[in-house]
1. Please list VAL88, VAL117 in order of solvent-accessible area, largest first, computed with a 1.4 Å probe with all protein chains present.
2. Top to bottom by accessible area (1.4 Å), largest first, where do SER101, SER91, SER38 land?
3. Compute the relative contact order of segment 63-144 as a whole-number percentage, counting only Cα pairs closer than 8 Å that sit 6 or more residues apart in sequence.
4. Treating each Cα of segment 66-145 as an identical point scatterer and ignoring solvent, apply the Debye formula and state log10 I(q)/I(0) at q = 0.25 Å⁻¹.
5. Measuring from label point to label point, each 7 Å out along Cα→Cβ, what is the ALA67 to GLN134 span in nm?
Amino acid sequence: MRWITVVAVALLVTVLSVFSLLRSGAQTAIAGPEGFASPINAGCYIAAEDVCKIHVDPFTININDGAGAKLEFFTLYANGKPIYDFRVDASNPPATDYSPSPVALDFAATCGVTYTVNLIAKDTTDANPLNYGQAQEIACPAEVP
């Protein structure tokens, strides 16, 4: 009968230890990124015969996380390849909202190809660049109508 009490106590201590570890792990979970972007919308159009362009609607990157973060850079990718790489002023980087100028919103593309456009950005609190947004797949027209 005594061995049953010992086993029961050992089992109770094990359960409590596991519960304590799980609970402490939940308290130390890594926080998600604080920065985010407005929706990333993109389309493809025929600019001239056999010339297509990807158009990205104006977007805003928000870096207002309350921790004093500042935007370091962002890159737009089409099918995993950079189409626009932007670095901010090292002495005065944006600390809240940043919207790129409209000049940087149309990019060369291959007609007849489907693209996925991603916005990857990094602020001073991010350990690595993060995916701040992604457009749905866009199909460039194959030929002039």
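1. Details: VAL88 30, VAL117 0 Å².
Reading off the accessible areas and sorting them downward yields VAL88, VAL117.
2. SER91, SER101, SER38
3. 33
4. -1.27
5. That separation, rounded to one decimal, is 2.3 nm.
The values are calculated or read from the model by the stated rules, or taken from the named source; none is laboratory data. Note that the structure is a prediction, hence the values are computed from the model and not measured. When we count neighbours, we look across all protein chains shown, and the Cβ atoms used for this are built from the backbone with ideal geometry, even at glycine. These area figures cover heavy atoms from the full protein model, side chains too; ligands, DNA and RNA do not enter into them. Shrake-Rupley method; radii C 1.70, N 1.55, O 1.52, S 1.80 Å.
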